[in-house]
Amino acid sequence: MALHGPAEGILPFLKQPILRDTLSDPGLVNVSSPWKESFLTKVHWDNLYRLEDGALKPLSVTSAQVLQQIGCPHASQSKVMEIDYPVALKRREEDKVTLTVKGCSFCDVAIDKGFHGVLSLDAVLQQIQRLPQQEDGRKIPFELINENAAPALPALLSRVQADGIRLSQINLTLRADWFVSAQKSLREALVLAGALGIRILLGSVGFESFDDRILANLHKGLEAETNLRAVTLMRELKNEFPSQWAYARQEGAVHGFIHPTPWDTVETESNNRRAMALYGLEQDILPERSIPLIIHHASALGDWAREIERREGIQFKREGTTIGWWQVGERFIV
Ligand code: SF4
């Protein structure tokens, strides 16, 4: 049985068993209570164990996550849009599927959480205070969970400095458009990071593609040009702050590049290849391997795949919690 919503929503059910027939969906408990900050500030990192040789052994935690934002602002509003048919099944240019999407069409986090706002600075600092320390007395590296973390980073680092907290590394996962628009704040944060001996690693930007048609089908909400501006800015910041800033694959970053997709054509392939060549993306940006488009059942693209199945009288391969859009029965369609 799955729980949907804040984890503390399980507490009443631990006292009283769930009666399956009272649920609208027998496999899912939907918790309607809001996310409460008081449940999100304390993590007991020393209370984690693994089973080893038949005994519980304490788990040594070397990197962690600090929650600053619940969900993603890009998923805050629903939008009706048209998504292209897969190239392999398309008969006419007008073949499209109309869908309601929230955030990126492939993102199950967007569907699962939507957007529930940002935690207070105090709540974020309380989480940081509780992180384990390294041997040098600094807190272990952590990922700041916030797709738009850059604007508030200078204020966070100022409080870290004022409170005498010693950090080692902050990992960021940012959208390319919000990264580019927050470059002034980032430079400010990097100056502070320099004074405090902190490294900031841009660990992941979900570029996904450098072709506008594919980005539109993914409902990424930005264009290839913005992705390329982000690449340029990443490299500029490295020149300006070589010790504080890290962004490259060789420095531990894994940026998102989705390929193949159901919408790959000669034109989309050529656009991707041109961006790779002109901007030398293989040098530092592209991951070791691209990831094929993964369609989770719950994502908007899950609805897209099921609608195509209905219209075409076919069934794509089911792969656990995902839909294998590349295969119908035993036949590969790409
Ligand atoms: S993929 Fe990233 S930007 Fe897109 S909706 Fe999900 S969390 Fe937001």
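The values are calculated or read from the model by the stated rules, or taken from the named source; none is laboratory data. Here the structure is a predicted model, which means the values were calculated and not measured. Ideal geometry is used to build each Cβ from the backbone, glycine not excepted, and the neighbour counts take in all protein chains shown. Areas reflect the complete protein model, heavy atoms only, side chains present, ligands, DNA and RNA absent. Shrake-Rupley method; radii C 1.70, N 1.55, O 1.52, S 1.80 Å.
Amide H contacts under 5 Å for Gln315: Gly329, restricted to partners 5 or more places along the chain or on a different chain, H placed in the peptide plane at 1.01 Å from N. The calculated Kirkwood hydrodynamic radius for the range 1-149 is 19.2 Å, given to one decimal from all distinct C-alpha pairs.
Hydrodynamic analysis of the chain uses the Kirkwood radius over alpha carbon pairs. Inserted into Stokes-Einstein at 37 °C and 0.692 mPa s, it gives a translational diffusion coefficient of 147 µm²/s. Exceedance of the 21 Å cut-off in Cα-Cα distance is limited, within the set Lys15/Lys113; Lys36/Lys184; Lys102/Lys184; Lys79/Lys220; Lys113/Lys184, to Lys15/Lys113; Lys36/Lys184; Lys102/Lys184; Lys113/Lys184. Mean sequence separation of contacting Cα pairs (under 8 Å, at least six apart), scaled by the length of the chain, corresponds to a relative contact order of 15 percent. Less than 5 angstrom separates the built amide H of Leu67 from those of Ile145, all sequence-distant by 5 or more or on a different chain. The mean of 1/r over all distinct Cα pairs in the range 140-188, once inverted, gives the Kirkwood hydrodynamic radius of 11.4 Å. The antiparallel fraction among DSSP beta bridges confined to the chain stands at about 50%. Within the range 167-253, report the GluC sites (Glu not before Pro) that DSSP leaves as loop and that have at most 14 other Cβ atoms within 10 Å. Those that pass, being in a loop and sparsely packed, number zero. Accessible surface for the chain, divided over its residues, is 52 Å² per residue with a 1.4 Å probe. Each Cα pair under 8 Å and six or more residues apart adds its separation to the average, and for the range 171-312 the resulting relative contact order is 25 percent. The protection proxy used here, the mean number of other Cβ atoms lying within 10 Å of each residue, ranks peptides 154-167, 6-19 as follows, highest first: 154-167, 6-19.
Taking amide H as placed 1.01 Å from N in the peptide plane, Phe207 has its amide H under 5 Å from the amide H of Gly256, each at least 5 places away in sequence or on another chain.
When you filter the GluC sites (Glu not before Pro) in the range 39-121 for DSSP loop state and at most 15 other Cβ atoms inside 10 Å of their Cβ, you are left with Glu93, Glu94. Roughly speaking, what is the centre-to-centre gap between the range 295-314 and the range 95-156 when only Cα atoms are used, to the nearest Å? If you average the Cα positions of each part, the centres end up 29 Å apart.
The HN-Hα couplings worked out from phi for the range 126-139 by the Karplus form 6.51 cos²θ - 1.76 cosθ + 1.60 (θ = phi - 60°) are 4, 5, 5, 4, 8, 5, x, 9, 7, 4, 7, x, 8, 5 Hz, whole numbers, x standing for Gly and Pro.
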